[in-house]
Amino acid sequence: MELQEIRNEIDRLDKQIQSLFEERMLLCQDVARYKKTHNMPVFQAGREQQILDRVEQNAKEGLGLASRTMFANMMSISSQLQQKMLVAAEDAPSFKTPRMKEAVRVGCQGTVGANSETAAQAFFPERHIQFYPTFEQVFEAVESGELEYGVLPIYNSTSGTVTQTVDLMGKYSFFITAMNQVEVMHCLAALPDAKMENITEVYSHPQALSQCSDFLDARSLHSHDYSNTATAAKMVAESGDKTIAAICSEDCAKHNRLQILASRISNVVPNFTQFICITKDMQVAENASVISVMLSISNEPGSLSRILNKFFLYGLDMTKIESRPIRDGSFDVVFHIDFKGNLRDRSIAAFLNDLCKSCRDFKLLGNAVVMV
């Protein structure tokens, strides 16, 4: 056969495949109606496994896994259609709206002058901010109800994820209700009359040290981790030692009466940190636009591909995906995913119903409004 003849034959078969696919999807909709009438779950793992095993066994040599993949995708589409039909028939859920304007008990990690305070003041203008020594204590205060809202850094445009925050997300009960970002303008600050050439040691939060590594390396300065940029500045101010310095914000340096030896020392300028505002109960603003989830999946071929394919099938824009070790002695990971959407949207409800059934563990972290 000539090439064009082969292509014509493929086109003919493609039409047949499309027609059979559409016929199969119509039957799947009948299945959804039957399941709804008889209160049966959409996802039936045993039935799906039987079909995929049969397809792989019946395939011609060398096409077993390819056939299994094609049918797995087709069954994902089937599940999507059934979920949408069933969820559309349900009453829309009601959500509490954020009460940030009325909030009184607001807290963050650090002290006066910390970037977390700047972010908290952006969320809650002219409100008193309560400070905590650690990120974990902020989570604890929110979970216990001691705080109405807590503010935590989660991502930096230069150094990436704030691992201290992300690693605590699986441990505590909370929901993200808002996000903002703060431009971080690091400076090197020391005691009055200290000279740059005499500085040997620099203290700051690990993220700040990472974000200013080029500056430190170029001057052979030794870096030391500290709990927070603001507390590092306070320590330097109280030390009496003119050979040490802190990396902090300029406002923090001024607050602690420190001399600024160098300004805007980040590796990349501008340098932004994203902050989340968390609360104990689920609160969803009408204009909330970022949904955050945390999930783990079975360690088997194609499991991650099937999860990612669901985002494509529902037409959802994934804005972030990253993995973190579960820290249980295994090498298993948990995935943190952000995607665009609002929980009031019924198609999002269908997607989440579909998604969580394909995960080993699943946690909805919230639906945030992005504040600028």
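Assorted remarks:
- All positions within the stretch 157-166 that are in a helix (DSSP H, G or I) and open to solvent by 40 Å² or more (accessible area, probe 1.4 Å): 163, 164
- Some residue of the stretch 225-235 being farther than 29 Å from residue 124 by Cβ, modelled with pLDDT of 95 or more and not charged (D, E, K, R): no
- The stretch 99-130, residues that are more than 22 Å from residue 184 (Cα to Cα) and either buried (at least 20 other Cβ atoms within 10 Å of the Cβ) or among the basic types (Lys, Arg) (or both): 99, 100, 101, 105
- Taken over the stretch 324-365, the criterion of being among the basic types (Lys, Arg), in contact with an Asp or Glu (Cβ under 9 Å, 6 or more places away or on another chain) and assigned to a strand (DSSP E or B) is satisfied by 324, 340.
- Cβ-Cβ distances below 7 Å connect the following pairs, each with a first residue in the stretch 153-168 that is within 17 Å of residue 141 (Cβ to Cβ), a second residue that is open to solvent by less than 50 Å² (accessible area, probe 1.4 Å) and small (Gly, Ala, Ser), and a separation of six or more residues or different chains: 153/116.
- Of all residues in the stretch 29-70 being open to solvent by 100 Å² or more (accessible area, probe 1.4 Å) and assigned to a loop (DSSP other than H, G, I, E, B), the one that is modelled with the lowest pLDDT: 39
- Within the stretch 131-156, being more than 19 Å from residue 104 (Cβ to Cβ), of a type outside the set (Val, Ile, Thr), open to solvent by 10 Å² or more (accessible area, probe 1.4 Å) and not in a strand (DSSP E or B) holds for 133, 135, 136.
- Residue that is open to solvent by 20 Å² or more (accessible area, probe 1.4 Å) and touching a Lys or Arg at 6+ places or on another chain (Cβ under 7 Å), where the choices are 332, 317: 317
- Residue match in the stretch 255-278 (condition: within 30 Å of residue 70 (Cα to Cα), touching a residue at least 60 places away in the same chain (Cβ under 8 Å) and not aliphatic (A, V, I, L, M)): no
- When the stretch 339-351 is filtered for residues that are open to solvent by less than 20 Å² (accessible area, probe 1.4 Å) and not small (Gly, Ala, Ser), the ones remaining, listed by number, are 339, 343, 348, 351.
- Condition met for residue 222 (touching a residue at least 12 places away in the same chain (Cβ under 8 Å), surrounded by fewer than 14 Cβ atoms within 10 Å (Cβ to Cβ) and either farther than 21 Å from residue 156 by Cα or in contact with a Leu (Cβ under 9 Å, 6 or more places away or on another chain) (or both)): yes
- In the set (1) free of Cβ contacts under 8 Å to residues at least 24 places away in the same chain; (2) within 30 Å of residue 102 (Cβ to Cβ); (3) of a type in the set (A, V, I, L, M, F, W, C), residue 343 fails one condition alone, (1).
- Any chance residue 306 is in contact (Cβ under 8 Å) with a residue 40 or more places away in the chain and closer than 19 Å to residue 276 by Cα: no
Table: residues versus (1) polar (S, T, N, Q); (2) closer than 30 Å to residue 344 by Cα; (3) free of Cβ contacts under 8 Å to residues at least 12 places away in the same chain.
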{"position": "58", "(1), (2), (3)": "yes, no, yes"}
{"position": "77", "(1), (2), (3)": "no, yes, no"}
{"position": "99", "(1), (2), (3)": "no, yes, no"}
{"position": "113", "(1), (2), (3)": "no, no, no"}
{"position": "128", "(1), (2), (3)": "no, no, no"}
{"position": "135", "(1), (2), (3)": "no, no, no"}
{"position": "142", "(1), (2), (3)": "no, yes, no"}
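- Among the residues of the stretch 252-280, those identified as closer than 30 Å to residue 172 by Cβ and not hydroxyl-bearing (Ser, Thr, Tyr) are 252, 271, 272, 274, 275, 276, 277, 278, 280.
- Where residue 246 falls short, out of the listed (1) farther than 17 Å from residue 182 by Cβ; (2) touching a strand residue (DSSP E or B) at 6+ places or on another chain (Cβ under 6 Å); (3) of a type outside the set (Phe, Trp, Tyr); (4) open to solvent by 10 Å² or more (accessible area, probe 1.4 Å): (4)
The values are calculated or read from the model by the stated rules, or taken from the named source; none is laboratory data. Nothing here was measured: the structure is a model prediction, and the numbers come from that model. Positions of Cβ are generated from backbone atoms using ideal geometry, with glycine treated the same way; all protein chains shown enter the neighbour counts. Protein only, heavy atoms only, side chains kept; ligands, DNA and RNA dropped before computing areas. Shrake-Rupley method; radii C 1.70, N 1.55, O 1.52, S 1.80 Å.
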